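The values are calculated or read from the model by the stated rules, or taken from the named source; none is laboratory data. Quick caveat, the model's predicted, so the values are computed rather than measured. Ideal geometry is used to build each Cβ from the backbone, glycine not excepted, and the neighbour counts take in all protein chains shown.
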Amino acid sequence: MADLAVNPANQFSIGQVLKQTFSAFFRRITHFLPLGLLCYLPVAFIGYSQNSAMLNAQQTGNFAEALNFNPFWMAINFLLPMICAGVFAAIATYEVVLDENGRRPSLGEAIAAALPRILPVVLASILFTIIVYTGMIFLFVPGLFLLTMLWVTVPTVVMEGLGPIAALKRSANLTKGYRWRVFGLIVLFIIMVFILQWALSLVLILATSEIANVYLLTGIGYLGITTFGVLSALAVAYTYVALKIAKESASVEELAAVFD
């Protein structure tokens with residue numbers, strides 16, 4: 001059971017959220033990683049297609065064909081990872097809230113609980129991606145501000161039954177007053193995950209002698225993006241719970257009651 005609720009004066013703690021995120025991941029890695037691999041399976045298929053094209057281009061020298069700027073596929077490559085991330089974040093929110101309350105749902109229960117909110121979660125994830133990446137284009141800083149402000153969009157869809165636009169507004173309201181802390185959390189989280197992914201990739205590459213293999217390249221990318229996605233979803237969910245406790249004095253029992 002997690003211990004975000006055991007927090008003197010109900011303060012939002014960056015260290016506590018990060019601790020709970022990584023603790024939950026490693027404590028239940030045999031549960032979260034297979035679930036993440038399932039959610040990110042569409043990304044693996046696209047990665048395989050791209051890696052096959054690039055390896056063929058290396059052999060034939062025809063890089064123009066590999067770098068085919070088809071608008072449809074560009075949009076898919078842009079949005080699909082964030083849609084997969086949103087779906088997993090919806091499931092992770094359910095898992096985290098119940099875990100905080102001392103309950104541990106099965107894989108089937110977690111998926112079944114998230115299914116009714118999948119459509120608004122997908123739409124909210126698309127809007128979130130477009131808004132944040134648009135901000136990144138303009139000198140990068142606005143994108144970081146929007147990322148921080150909208151960080152808990154998906155949990156508000158799942159927990160509060162909001163539509164996509166209302167969820168974006170709710171996230172902005174919930175992070176207000178805590179945005180520097182949430183921003184610091186995001187920066188530290190990205191650094192920690194980057195180190196973890198770098199170590200994982202290095203081990204996988206050193207473990208094989210055939211690096212230029214489409215299955216290996218796809219597998220490394222698939223495992224890497226899934227690991228990042230799972231950890232991100234857990235971080236978002238724990239941030240939401242911590243903000244609800246710190247800002248609105250919510251209890252974990254009240255949060256878990258949403259799923260009863």
Exception for Thr93 within (1) over 16 Å from the mean Cα position of the chain (by Cα); (2) buried (at least 24 other Cβ atoms within 10 Å of the Cβ) falls at (1)
How many residues are surrounded by fewer than 18 Cβ atoms within 10 Å (Cβ to Cβ) and assigned to a helix (DSSP H, G or I) if we restrict to segment 225-255?
4
Tell me, please, whether a residue that is surrounded by 14 or more Cβ atoms within 10 Å (Cβ to Cβ) and among the polar types (S, T, N, Q) can be found in segment 107-125.
yes
Tabulated pairs, segment 31-52, first under 16 Å from Ala75 (Cα atoms) and part of a helix (DSSP H, G or I), second at pLDDT below 90 and small (Gly, Ala, Ser), C-beta under 7 angstrom, 6+ apart or interchain:
Gly47/Gly221
Return the total of residues in segment 164-179 being more than 19 Å from Val87 (Cα to Cα), surrounded by fewer than 19 Cβ atoms within 10 Å (Cβ to Cβ) and of a type in the set (A, V, I, L, M).
1
Checking Gly161 against (1) of a type outside the set (Val, Ile, Thr); (2) at pLDDT 95 or above; (3) in contact with a Lys or Arg (Cβ under 9 Å, 6 or more places away or on another chain), which test does it fail?
(2)
Hey, Gly161 hits all of (1) farther than 19 Å from Gly184 by Cα; (2) buried (at least 18 other Cβ atoms within 10 Å of the Cβ) but one; which does it fall short on?
(2)
Flagged in segment 139-158 as within 12 Å of the chain's Cα centre (by Cα), of a type in the set (A, V, I, L, M, F, W, C) and either part of a helix (DSSP H, G or I) or surrounded by fewer than 18 Cβ atoms within 10 Å (Cβ to Cβ) (or both), in numbering order, are Val154
Can you tell me which of Ile91, Ile165 is β-branched (Val, Ile, Thr), in contact (Cβ under 8 Å) with a residue 12 or more places away in the chain and under 26 Å from Glu253 (Cβ atoms)?
Ile91
